[in-house]
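What follows draws every value from the coordinates through simple rules; no lab data is involved. The structure displayed is predicted, hence computed values, not measured ones. Quick reminder, even Gly has a Cβ in these numbers, built from the backbone with ideal geometry, and neighbours come from all protein chains shown.
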Amino acid sequence: MREGTVLIVGGGGREHALAIGLSDSESVSQIHVAPGNAGTSVIGTNHPISASDVPGITRLAVEIEADLVIIGPEAPLVAGLADDLRTLGISCFGPGANGALIEGSKQHAKEIMRELGIPTADSVMLRDIDRMTGVLDSMGPPWVIKRDGLAAGKGVTVTSDIEKAQHAATSAINKDGSVLIESFLEGEEASLLVLIDESDFAILPASQDHKRLSDGDSGPNTGGMGAYAPAPVAEISVIERAISTIIAPMHEYLSRGESPYRGCLYVGLMIRDGHPSVVEFNARLGDPETQVTVPLIESDLGLLLFSVAQGKLGEFNLEISDNHAATVVLASEGYPQNPVKGREISGLAGSRFDKRAIIHHAGTKISSGKVVSSGGRVLSATGIGESLSEALEGAYGAISKIDLKGGHFRRDIGSRALDRPLSGPKTEE
Ligand code: AMP
Ligand code: GLY
């Protein structure tokens, strides 16, 4: 791709990070984003089309003569957007509906892992509320209850309280007709973003997300409150084990058939005593993991993602910097249950393109010339430095300048890596 037009689908921090990365790419001449946010409107053209509107996005890609479409969120992937684009001859970073089912159905992902012998938690698919007590008793606390479908990172309950476990399982069965009950995996989590096509796979620097709302990993699960990379828990021997037991078999599996997987395989790992097992697969780049991973890619991002979209990753020379990155998410008052939206955000001036600190917009929009909040996760401040402490300094320095009434952020992002002892079971109180 020379001087190409790129369409980014989505409107979160991940998509803003991609847009910033692509704006540095010599291979990219035009950036379009649908629907985008206040941050992407500054570097590209936003289009008011929902990421889940498959026919609308497809029409837009044709209209702007996109050379490459990068699909951020899971919903359009599961709905087959990539298949529709490929049928029209448009290159696309993101798997077809078949591939995206590894995220769209946790039960499907479990079946593949069982077939390939990939290490993961034991699980039972429960459809009958009468069997619930027996299954929960046999698993023992802490219980892990998962809805079997897309739930924006909020479909999992981890709890040692039997009543909460019963409630979560019952409400999932009532809503979806079934629920997945998993054994609890102990250890420390890390996320691997693995670029995959049929020619090769490439593992980006391992990161660690902070899924709980509050400091000390307390409070409810969220879409992610911060992240850092590289994550030292994913040391080389762990990555090597992950390659041989998880990534190589998945690459082989996903490359079979007529429409091979071309995009990112997000591998959520639990690492215990150096041994990784899979907590979840996603069919896309992570959010906020992308915000700490893309800034560490030194190669031309447009060419890299285009190579994957073309099935030519094997020919690409990927270069990664030695730097560290950390991101801190600013969330709206009431997030995740009832986020308050429409509040003005101030203090953004001058921070957007600083090399040491980038503001990644997520739930923001422009209203009457002002930047206002429009979602639960409003924005994140990402610091880049030669060490994790330097990256964290950049991130916290930038976030502390931003003012949003009721806005809140975690103050302990990266503390596990700075100060190793912080483990033990994480359950909701
Ligand atoms: P998931 O959406 O499957 O990634 O789950 C969300 C979060 O719940 C994960 O990042 C973990 O913190 C936690 N979790 C999920 N499954 C397990 C498990 N089997 N054992 C322990 N924690 C889990
Ligand atoms: N940060 C978790 C996810 O993207 O699923």
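Taking amide H as placed 1.01 Å from N in the peptide plane, the amide H of Phe93 sits under 5 Å from that of Val69, Ile70, Ile71, each at least 5 places away or on another chain. What is the Cα centroid distance between segment 91-161 and segment 296-326, reported in whole angstrom? Computed from Cα coordinates, the inter-centre distance equals 31 Å.
What percentage of all Cα-Cα pairs in the chain are separated by more than 29 Å? Working shown, then result.
Numbers: 39302 of 91806 pairs.
Result for the distance tail: 43 percent.
Under the combined filter of DSSP loop state and at most 16 neighbouring Cβ atoms within 10 Å, segment 301-409 retains these chymotrypsin sites (Phe, Trp or Tyr not before Pro): Phe353.
Taking Lys and Arg as +1 and Asp and Glu as -1, the other residues whose beta-carbon sits under 9 Å from that of Tyr266 total -2.
By average Cβ neighbour count within 10 Å, what is the ranking of 241-248, 133-140 from highest down? Before the final figure, lay out the partial values.
Values: 241-248: 18.5, 133-140: 13.5.
Ranking the peptides 241-248, 133-140 by packing returns 241-248, 133-140.
Scan segment 1-60 for GluC sites (Glu not before Pro) in coil per DSSP, keeping those whose Cβ has at most 14 other Cβ atoms within 10 Å, and list them by number. Listed in order of number, the matching sites are Glu3, Glu26. Ala121 sits among other residues whose Cβ lies under 12 Å from its own Cβ, and their net charge, with Lys and Arg +1 and Asp and Glu -1, is +1.
Compute the Cα gyration tensor for segment 279-356, then decide on rounded, prolate or oblate, letting a ≥ b ≥ c be the square roots of its eigenvalues: rounded whenever a/c is under 1.5, prolate when a/b is larger than b/c in the other cases, and oblate in all that remain.
Numbers: a/c = 2.61, a/b = 1.67, b/c = 1.56.
Since a/c reaches 1.5 and a/b is larger than b/c, the shape of segment 279-356 is classed as prolate.
The residues Val372, Val328, Val78, when put in order of fewest to most other Cβ atoms within 10 Å, stand as Val372, Val78, Val328.
Looking only at the chain, where both bridge partners belong to it, what percent of the DSSP beta bridges are antiparallel (to the nearest 5)?
Details: 61 of 79 bridges.
Among the beta bridges of the chain, antiparallel pairing accounts for roughly 75 percent.
Remark: segment 293-301, residue by residue, has Karplus-estimated 3J(HN,Hα) of 9, 4, x, 8, 7, 8, 5, 5, 4 Hz, where x stands for each Gly or Pro and the curve is 6.51 cos²θ - 1.76 cosθ + 1.60 at θ = phi - 60°. For segment 311-404, GluC sites (Glu not before Pro) meeting the loop criterion (DSSP other than H, G, I, E, B) and having at most 13 other Cβ atoms within 10 Å: Glu319, Glu386.
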